[in-house]
Amino acid sequence: ETGVTQTPRHLVMGMTNKKSLKCEQHLGHNAMYWYKQSAKKPLELMFVYSLEERVENNSVPSRFSPECPNSSHLFLHLHTLQPEDSALYLCASSQEWGDNSPLHFGNGTRLTVT
Amino acid sequence: AQKVTQAQTEISVVEKEDVTLDCVYETRDTTYYLFWYKQPPSGELVFLIRRNSFDEQNEISGRYSWNFQKSTSSFNFTITASQVVDSAVYFCALSEEDDKIIFGKGTRLHILP
């Protein structure tokens, strides 16, 4: 079983749809992250949760809404997205927030907004 | 200004050649960490190495080696005797005292058979 699992792998949605991305980690880590990866741009940190508390919110539009019900699960709820939101969304986890431990990534969800 | 610069956008080499991926970083902190990650076509980034700013020893792991030079603010990555499976996008990253990891734009490496 892989350490960090993301579903779905691919998602196509219209601008008026509501959908959710799911991430689950089986590594016993206490920190979880959402990153956005667009073509030709560096990875952008969106949100960080440490022990289910949000510790970082990098000026992300409110149409992206994260949820962390426990330290193993992380969701990204999507609503009224724009075509420029099409990207690869990567979930990651690390042992702790702030200890510079390596990130463990999932395979990502390839999102296309039409 | 970028804090992590990977000037090589794309590199192609023939299998068994050696290849070096460049990474230049910028920071005013005395304590920081540098990382390399590999992103194969499957999508997930795979951690390769972490270095802290107080350890300038070069590191070798099999065919992979890393050259950390504070004098030039560089943390270059060399693959010796490259293989087709090394084809991927490679990211250099910096973590400063505020604990935020900053990634470079990545270098896409093609190993040609």
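When the stretch A:49-71 is filtered for residues that are under 13 Å from the mean Cα position of the chain (by Cα) and either surrounded by 13 or more Cβ atoms within 10 Å (Cβ to Cβ) or part of a loop (DSSP other than H, G, I, E, B) (or both), the ones remaining, listed by number, are A:49, A:56, A:58, A:60, A:64, A:65, A:66, A:67, A:68.
For the stretch A:25-48, the set of residues classified as of a type in the set (Lys, Arg) and either within 11 Å of another protein chain (Cβ to nearest Cβ) or not in a strand (DSSP E or B) (or both) consists of A:40, A:41, listed by residue number. Highlighted here are the strands (runs of 3 or more DSSP E) found entirely within the stretch B:14-104 that include at least 1 residues which are out of contact with any Lys or Arg (no Cβ under 7 Å at 6 or more places or on another chain) and either closer than 26 Å to residue A:58 by Cβ or open to solvent by less than 40 Å² (accessible area, probe 1.4 Å) (or both): B:19-21, B:33-39, B:46-52, B:64-69, B:74-79, B:88-95, B:101-103.
Considering only residues in the stretch A:93-114 that are outside any loop (DSSP other than H, G, I, E, B) and farther than 15 Å from residue A:9 by Cα, the one that is nearest to the other protein chains (Cβ to nearest Cβ) turns out to be A:104.
Results for (1) within 14 Å of chain A (Cβ to nearest Cβ); (2) charged (D, E, K, R), shown as yes or no for each residue.
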| position | (1), (2) |
| --- | --- |
| B:30 | no, no |
| B:41 | yes, no |
| B:49 | yes, no |
| B:75 | no, no |
| B:96 | yes, yes |
| B:107 | yes, no |
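Would you confirm whether any residue within the stretch B:106-113 is open to solvent by 60 Å² or more (accessible area, probe 1.4 Å), modelled with pLDDT of 95 or more and either within 20 Å of residue B:3 (Cα to Cα) or in contact with a Leu (Cβ under 8 Å, 6 or more places away or on another chain) (or both)? Yes, some residue in the stretch B:106-113 is open to solvent by 60 Å² or more (accessible area, probe 1.4 Å), modelled with pLDDT of 95 or more and either within 20 Å of residue B:3 (Cα to Cα) or in contact with a Leu (Cβ under 8 Å, 6 or more places away or on another chain) (or both).
Against the list (1) surrounded by 15 or more Cβ atoms within 10 Å (Cβ to Cβ); (2) touching a Leu at 6+ places or on another chain (Cβ under 6 Å); (3) over 19 Å from residue B:106 (Cβ atoms), the condition residue A:37 fails is (3). Somewhere in the stretch A:72-80, is a residue within 12 Å of chain B (Cβ to nearest Cβ), in contact with a Pro (Cβ under 8 Å, 6 or more places away or on another chain) and crowded, with 22+ Cβ neighbours inside 10 Å? Within the stretch A:72-80, none of the residues are within 12 Å of chain B (Cβ to nearest Cβ), in contact with a Pro (Cβ under 8 Å, 6 or more places away or on another chain) and crowded, with 22+ Cβ neighbours inside 10 Å.
Farther than 18 Å from residue A:19 by Cβ and either free of Cβ contacts under 8 Å to residues at least 12 places away in the same chain or β-branched (Val, Ile, Thr) (or both): is that true of residue A:61 in this structure? Spelling it out, it is not the case that residue A:61 is farther than 18 Å from residue A:19 by Cβ and either free of Cβ contacts under 8 Å to residues at least 12 places away in the same chain or β-branched (Val, Ile, Thr) (or both).
The values are calculated or read from the model by the stated rules, or taken from the named source; none is laboratory data. Everything numeric in this text was worked out from a predicted model, so none of it was measured. Virtual Cβ from ideal backbone geometry, glycine too; neighbours counted across all protein chains shown. For the accessible areas, the whole protein counts, side chains as well, though only heavy atoms, and no ligand, DNA or RNA atoms are used. Shrake-Rupley method; radii C 1.70, N 1.55, O 1.52, S 1.80 Å.
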